[in-house]
Structure formats: structure tokens, C-alpha cells
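Taking it in order: structure first as C-alpha cells, then the write-up.
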Amino acid sequence: MKNLFKIVTFSFVMLLGMGSMTAQTLKQDQNTPEVIAKQKTEKLSEALGLNGDQQRAVYRALVVKENNYAKDVNGKDAMNAAVVANKKKHDEVFETSMKKALTDDQYKKWQSLRN
């Protein structure tokens, strides 16, 4: 009887532990650069009326930007000269990628949405 109680208790504890582990994994997955880029691409697609090729180009540009920000900008001192320089460099690369992907009208509308 004692062994049965121990087995049932152990199984219950393991099930609870697995549930919380899965919840933590799902929470972490929401902050990946790919997920953030996909969400932003969907919003921009609706606002700007992007076609399939433009969506792919915007998604790639956003993933690159988010990866670079995660590596060089996020979580670092915003007043540090190196961080400011990296942010400016990554923003310029992103701006160039967006200009290539969007038409002139879409680009102007995107700039107005950003401000």
C-alpha cells in the first residue's frame, strides 16, 4: 500500500512539473525574432497591402533586424556609444531593405506609420 501511494504521488508530481515546463517553453517561444518578425509582417501586410514577394522580403528584413538587435542592442546600456552606433547601423540596413522591398507609395505610408 505504501509503495502504491509513493508511485501515485511521484506520478502526480512529475505531471505537474511537465505542465509548468511546457508553459515556460511556450512563453519563451513568443519572444524569438522569428515570431516577432512574423507578427510585424502580418500587421504591415494588412496596412500596406503587400504581395507575397514583398511579405517574404519584409519578413527576412525584420528577422535580420530582430536578430541584430537581440545580439547588439537589447538589454544593453542605451547611452553607450557602441550600442548607439550598432543600433544606427542596424536601422540603416533595415531601412535599405524596406526601401528595396516596398513600392514608393508603400514606403511613404510605412514611414508615416512609424512616426
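Each reported figure results from applying straightforward, stated rules to the coordinates on display, with no laboratory input. If you're wondering where the values come from, they're calculated on a predicted model, not measured in any experiment. Here the Cβ is made from the backbone with ideal geometry for all residues, glycine too, and neighbour counts use every protein chain on show.
Count, please, the residues in region 94-109 that happen to be within 17 Å of residue 41 (Cβ to Cβ) and either more than 19 Å from the chain's Cα centre (by Cα) or surrounded by fewer than 17 Cβ atoms within 10 Å (Cβ to Cβ) (or both).
Number of matching residues: 9.
When you check residue 58 against the structure, is it in contact (Cβ under 8 Å) with a residue 24 or more places away in the chain, part of a helix (DSSP H, G or I) and either closer than 21 Å to residue 109 by Cα or not aromatic (Phe, Trp, Tyr) (or both), yes or no?
Values: in contact (Cβ under 8 Å) with a residue 24 or more places away in the chain: yes; part of a helix (DSSP H, G or I): yes; either closer than 21 Å to residue 109 by Cα or not aromatic (Phe, Trp, Tyr) (or both): yes.
Yes, satisfied.
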